[in-house]
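What follows is a set of notes on a single structure, which appears directly below.
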2 protein chains.
Amino acid sequence: MDMEKLRECIGKSASYSRTVGESDVYLFGGISGDLHQNHYDEAFMQKTQFKHRIAHGMLVASYMSSAGSLLNDRMEWHTVSYGYDRIRFIKPVFIGDTLLCTETVTRVDDDGKYFADVTAVNQDGVLVAVATHVSKFIDVQE
Amino acid sequence: MDMEKLRECIGKSASYSRTVGESDVYLFGGISGDLHQNHYDEAFMQKTQFKHRIAHGMLVASYMSSAGSLLNDRMEWHTVSYGYDRIRFIKPVFIGDTLLCTETVTRVDDDGKYFADVTAVNQDGVLVAVATHVSKFIDVQE
């Protein structure tokens, strides 16, 4: 992809919204292997500042990654995920919360990569997580 | 947690190994919402440098997070995930690969956080992903 086409990516954005299902949290434990009590033990969590089971950070990050996937689908870009420069889980996410996750391209480099700001905002308008996502364009033989 | 106890965390390590199941990849799509063809369309992937469906980066990162969860369980630390400073998906991960994920604490700060190097190595000894994980100790009422 030439630089001019790459630069056209800047500002493009897509969102993915989802209510955090208890089933998401419970199935995610089986798929990832992370069965920590923070996510599964309501009685234990009562003894913490959180008071309730919280969603895995990586589950929240996974919802966030779906916004990037949708952006690629919509724009018909062919990329793979190259990494994340910084992820912060700012506020706890609980079962039943509804997150609006948005990925917005902010810059490109001359190596065929784009950098995007990713945010997750809950139903009360509270920013619960942020990330910088790095994606790399790939060639597809037609 | 006082600084002396925090400093004792440095060097502590745990690992989690797992063969990437097709079911992991397929269920992860439903849980995260990321149904991108990179992960589900073998015919499409034949036209790329990868030749086969690749696991979601966030699925690999989720396995990696389980090493941290196991470390906390074993050490009886009470923490929550605070974020990741850098994640890189260095090599593709395919269905059937077996990953050894290891989290090792490298430093602590005076705000009750620890920083850990996280690695994922496949069955051929190839480093496929790295991350820096940040965790924060929490209080639990006994």
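Yes/no per residue for (1) within 7 Å of another protein chain (Cβ to nearest Cβ); (2) modelled with pLDDT under 95; (3) touching a strand residue (DSSP E or B) at 6+ places or on another chain (Cβ under 6 Å); (4) buried (at least 16 other Cβ atoms within 10 Å of the Cβ):
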site: B:F28; (1), (2), (3), (4): yes, no, no, yes
site: B:D34; (1), (2), (3), (4): yes, no, no, yes
site: B:D41; (1), (2), (3), (4): no, no, no, no
site: B:T48; (1), (2), (3), (4): yes, no, no, yes
site: B:L59; (1), (2), (3), (4): no, no, no, yes
site: B:G68; (1), (2), (3), (4): no, no, yes, yes
**Request:** Residues being of a type in the set (F, W, Y) and over 20 Å from A:K91 (Cα atoms): count how many of those fall in the stretch A:27-78.
**Result:** 1
**Scope the stretch B:103-142; condition assigned to a loop (DSSP other than H, G, I, E, B) and among the β-branched types (V, I, T); matching residues** = B:V126, B:I138, B:V140
**Complete:** Flagged in the stretch B:98-131 as surrounded by fewer than 16 Cβ atoms within 10 Å (Cβ to Cβ) and either touching a Phe, Trp or Tyr at 6+ places or on another chain (Cβ under 9 Å) or not hydrophobic (A, V, I, L, M, F, W, C) (or both), in numbering order, are B:T98, B:T106, B:R107, B:D109, B:D110, B:D111, B:D117, B:Q123, B:D124, B:G125
**Fill in**
Note on the stretch A:17-66: residues aliphatic (A, V, I, L, M), in a helix (DSSP H, G or I) and in contact (Cβ under 8 Å) with a residue 40 or more places away in the chain are A:V25, A:V60, A:A61, A:M64
**Item:** Residue that is nearest to A:K91 (Cα to Cα), among those in the stretch B:106-142 that are within 11 Å of chain A (Cβ to nearest Cβ) and free of Cβ contacts under 8 Å to residues at least 60 places away in the same chain
**Value:** B:K136
**Flag for B:L6 being more than 16 Å from A:Y16 (Cβ to Cβ), in contact with a helix residue (DSSP H, G or I) (Cβ under 7 Å, 6 or more places away or on another chain) and in a helix (DSSP H, G or I)** = no
**Request:** Select, from B:I90, B:I95, B:I54, the only residue that is surrounded by fewer than 20 Cβ atoms within 10 Å (Cβ to Cβ), out of contact with any Cys (no Cβ under 8 Å at 6 or more places or on another chain) and within 11 Å of chain A (Cβ to nearest Cβ).
**Result:** B:I90
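The values are calculated or read from the model by the stated rules, or taken from the named source; none is laboratory data. Treat the numbers as computed from the prediction; the structure is a model and nothing was measured. Cβ sites come from the backbone with ideal geometry, for glycine too, and all protein chains shown count toward neighbours.
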